[in-house]
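Here is the structure we will look at.
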Amino acid sequence: MDFAWLIPTLCVGAFFFNIVITRWLGPRKQALGAFVSLAATAAAFIVFLIVFTEAVATPDLTEHPHLTTWAWFQIDTFAFPVNMVVDWPAIVMLGVVSFLSFLIQFYSVGYMSGHNRFWWFFSVIALFTGAMLTLVIAYNFLILYMAWELVGLCSYLLIGFYNERRSAAEASKKAFVTTRVGDVGFFIAILILFSQTGTFDMGVIFDAATNGEISSGLLTLSVLLLFLGAVGKSGQFPLHVWLPDAMEGPTPVSALIHAATMVTAGVFLVARAYPLFVAAPGALEVVLVVGTFTAIFAGVIALVQPDIKRVLAYSTVSQLGYMMMALGAGAYTAALFHLYTHAFFKALLFLGSGAVIHTMETVLHGRAVSPNDMNYMGGLARRMPITAATFVIGALALAGVFPLAGFWSKDEILAGTLYGGHWVPFLVALVTATLTAFYMFRAAWLTFGGSPRWHLAPMAADNSAEEAHEDESEGHDAHADEHHEPHEAPWTMWAPLVVIAVFAVIAGWVNIPGLYTGFGDVVHFGEHHKEAFSLVLALVGSAAALIGILVAVAVYNFGLVPAAILGESFATVYRFLLNKFYFDELYDWIISRILLSISALTALFDRKIVNNFGVDGSGWLTIKSGDLLRYHQTGRIYHYALGFVIGAILVLLMMTAYPALVEFFQ
């Protein structure tokens, strides 16, 4: 476990190797850049396996995590160490991030083939992976914050990878600015905790909070600001607006962000800082409320979205709300268990959608629609059987169908909220489970079921419309592919789908109540209580998922109540959901009408008062003072003599009046 630091170092090293060496190798840099990144990530996973093996052989790791401290620098008497921890939450994330990142990069070899910045894509992916791996083993708030910001920078670079498209450039800026709102809160929280404890060491800060050495008010304030950072990174309400727009990036980036990096960082931060949340009065209640609302809020928006990737994006927001809800309810193990299982089936779903988009770009070339639009798909199961099968497995796992991975982690959250006495979150979780099953099988049917609909897509009216369509594509050369009918993705893309699909099925089997609870035995907070399997709760959760699936089949397969009629009958509701409750428009109005107005007033004050009066005024005063003073430097002796006489007279008058003045003021 002493070599756990190698896991992120290998990935970060791959980035610098590509930047310093590979980029100068001409045409060979494309293949070499990908190879270096893949090799480094594979090596990181091998090191993880070694760390995992040692951890399994260490029985007291749960109670006594493996800590490593290195001296970095010292300022006067303050020494700044690099604190790292290898505990079971960190080990789980090290495995998930390195494993999925390798498979996603392998998938990207086929997906991004032919792009002129192929090597740069893989370089940033390596840095992204390394930053997240650093974050999960950091046990020092300042080191964690550095990794946190590096994760945000990499997401900005990758979301805006197709920066020649305005929509991608705007989406990357939106993600960067929105998450910075939370990051400012996070940084202020770190400063407050440092001011109270004199250290960034998490262990020392946790002990101080637990022992009551930090005032209750400041502790609660700092914890809520920490949570604000998590809200931004994990796309929780009201800072959720960046996450769906992040779909402008290449689909492998979406898979990595939603499954193993960026958005999982917020949930992991709350879990890592859980002792602070437990010690701070009212903090867990805030987490519970925000998570519960986010879960159902994002779930209902996903019901009507036509873009396959946006459905998955809002699904991620909803599932992250699930995890936050579990943490707020005290179900620490359930939250991290769902974080672990969700990574596999969400990566599977995004990569499956990428395979679909990859082929639809060719099919819809020259038509005035997006290749992401499910309204112009259909019937793809016969042409893409591997992609269809793995996508359905991912949908079943996300819906929580027995015995797939999502079933076990979803039931853990249901049990945690129910047994914790949180009835409203429990009911919301059940309703959200139904919504999840509905929108996932709506997406599966519109994409793979029924009859083909791509021939219904309208042709581009002119060249500008065709160019607009090309701008919406994932950056591939549609003309280079001779196929004009949908076809299965190349093996470099479907092979990772098959591997991840296996884990989407079996990943949850490591924590089955009453049978094997290996995950819960090592990943828990406080005293661990083994839970018995609740058949009633399992049936209730399964019924919720089954209802959602049956309704989706009834509406989209059999057409018992056509979706078009539902949309017309509830036109106002449909319009609100389709436009995401107009939050983008609301924020745009607030920024353009309020914030920019305040900025204009501030700029006016800066220009007229600070600049013209303060800065330029000091120069004017200096010039005028010089103009007056120069009259005292004429160079004529009689002028100086007159000044001497006048000065002497004034001094004599003051000396004469001094006693009277003293008496007056007394």
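The values are calculated or read from the model by the stated rules, or taken from the named source; none is laboratory data. Since we're looking at a predicted model, the values are computed, not measured. Please note: Cβ atoms are built from the backbone with ideal geometry, for glycine as well, and neighbour counts cover all protein chains shown. Ligands, DNA and RNA are stripped out before the accessible areas are found, and what is left, the full protein with its side chains, is counted by its heavy atoms. Shrake-Rupley method; radii C 1.70, N 1.55, O 1.52, S 1.80 Å.
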Here the equivalent ellipsoid of the stretch 566-666, derived from its Cα gyration tensor, has semi-axes (largest first, whole Å) of 74, 22, 5
Hey, any idea what Rg/Rh is for the stretch 246-403, computing Rh the Kirkwood way over Cα pairs?
1.04
The rounded separation in angstrom of the Cα centers of the stretch 76-109 and the stretch 623-645 is 74 Å
Rounded FRET efficiency, nearest 0.05, which uses the C-beta distance separating Leu642 from Ile188 and R0 of 60 Å:
0.40
Potential extension, Phe570-Ala71 segment - 0.36 nm per residue separation minus Cα distance:
173.4 nm
Just read off the accessible area of Leu396 with the full protein assembly in place, 1.4 Å probe, to the nearest 10 Å².
50 Å²
Please label the shape of the stretch 134-246 as rounded, prolate or oblate, based on the square roots a ≥ b ≥ c of the eigenvalues of the alpha-carbon gyration tensor (a/c under 1.5 means rounded; beyond that, a/b larger than b/c means prolate, else oblate).
prolate
Rounded D (µm²/s) - the stretch 4-47, Kirkwood Rh over Cα pairs, Stokes-Einstein at 20 °C, 1.002 mPa s:
205 µm²/s
Nearest 10 degrees, 0 to 90: what angle lies between the long axis of helix 405-419 and the longest principal axis of the chain (Cα atoms)?
60 degrees
At what distance in angstrom do the alpha carbon centres of the stretch 241-258 and the stretch 326-344 lie from each other?
22 Å
Give me the distance between the Cα centres of the stretch 488-518 and the stretch 132-168, rounded to whole Å.
27 Å
Can you send over the carbon and sulfur percentage of the accessible area for the chain, probe radius 1.4 Å, protein chains only?
70 percent
The pairs in Lys309/Lys346; Lys174/Lys580; Lys29/Lys309 lying past 19 Å Cα-Cα in this model are Lys29/Lys309
For a quick check of your reading of the filter: which chymotrypsin sites (Phe, Trp or Tyr not before Pro) in the stretch 81-116 sit in a DSSP loop and have no more than 14 other Cβ atoms within 10 Å?
none
Using only Cα atoms, tell me the angle between helix 385-399 and the longest principal axis of the chain; keep it within 0 to 90° and round to the nearest 10.
60 degrees
Normalised by the residues of the chain, what does the relative contact order come to in percent, with Cα pairs under 8 Å and at least six apart?
12 percent
Rg/Rg_globular for the chain, with Rg_globular taken as 2.2 N^0.38 Å and Rg from C-alpha atoms:
1.18
Taking only Cα atoms, what is the 0 to 90° angle, nearest 10, from helix 596-605's long axis to the longest principal axis of the chain?
20 degrees
Under 5 Å from the placed amide H of Ala460, counting only residues 5+ away or on other chains, we find Arg367, Ala368
